[in-house]
1. Would you mind checking which residues have amide H under 5 Å from residue 95's amide H? H placed 1.01 Å from N; only 5 or more apart, or other chain.
2. When the helices in the chain are scored as -39500 (n - 2.57) per DSSP H run of 4 or longer and the sum is shared across all residues, what 222 nm value do you end up with, to the nearest 500 deg cm²/dmol?
3. What does DSSP give for the chain in terms of the percent of beta bridges that are antiparallel, rounded to the nearest 5?
4. Would you mind counting up the charge near residue 75? Only other residues with Cβ under 13 Å from its Cβ, with Lys and Arg at +1 and Asp and Glu at -1.
5. Can you match P(r) over Cα pairs in 5 Å bins from 0, in percent to one of these, [x] 2, 11, 20, 19, 13, 8, 6, 5, 5, 5, 3, 2, 0; [y] 2, 11, 11, 12, 12, 9, 7, 6, 5, 5, 4, 4, 4, 3, 3, 1, 0, 0; [z] 3, 14, 28, 27, 17, 7, 3, 1, based on a calculation from the structure here?
Amino acid sequence: MINTDETSLIVRHLRIHGLVQGVYYRQSMQEQAEALEVTGWVRNRLDSTVEAMVCGTPQALERLIEWSRSGPPAAVVSQVVVSEAEGRFSVFERLDTV
């Protein structure tokens, strides 16, 4: 990971709506996050949305959030709700569905 001052990191909570399950959205988001050196997690929810907590530099999160608005090729994203959040993570991981 790039040596980044901890104070320059921000955290965002994302809720992604649309056709986002069964289309490799979580795996693709993990690949994007790791390429951008973003930590956190992503998981499916029983209401057919995808939820993520992401931590990184403002520039990296801007790029990941922009990617999340379209997702992988098979996804059809209708809405991404982004809110400020707190937390620190050491890796990016896919969590179980809740």
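Derivation of every value follows stated rules applied to the coordinates shown; laboratory data play no part. This one's a predicted model, so the numbers in the text were calculated from it and none came from an experiment. Reconstructed Cβ throughout: ideal geometry from the backbone, glycine too, with neighbour counts over all protein chains shown.
1. HN-HN under 5 Å from residue 95: 42, 43.
2. Helices in the chain give a 222 nm mean residue ellipticity of -7000 deg cm²/dmol.
3. Counting only bridges with both partners in the chain, antiparallel ones make up about 90 percent.
4. Residues near residue 75 contribute +2 overall.
5. [z]
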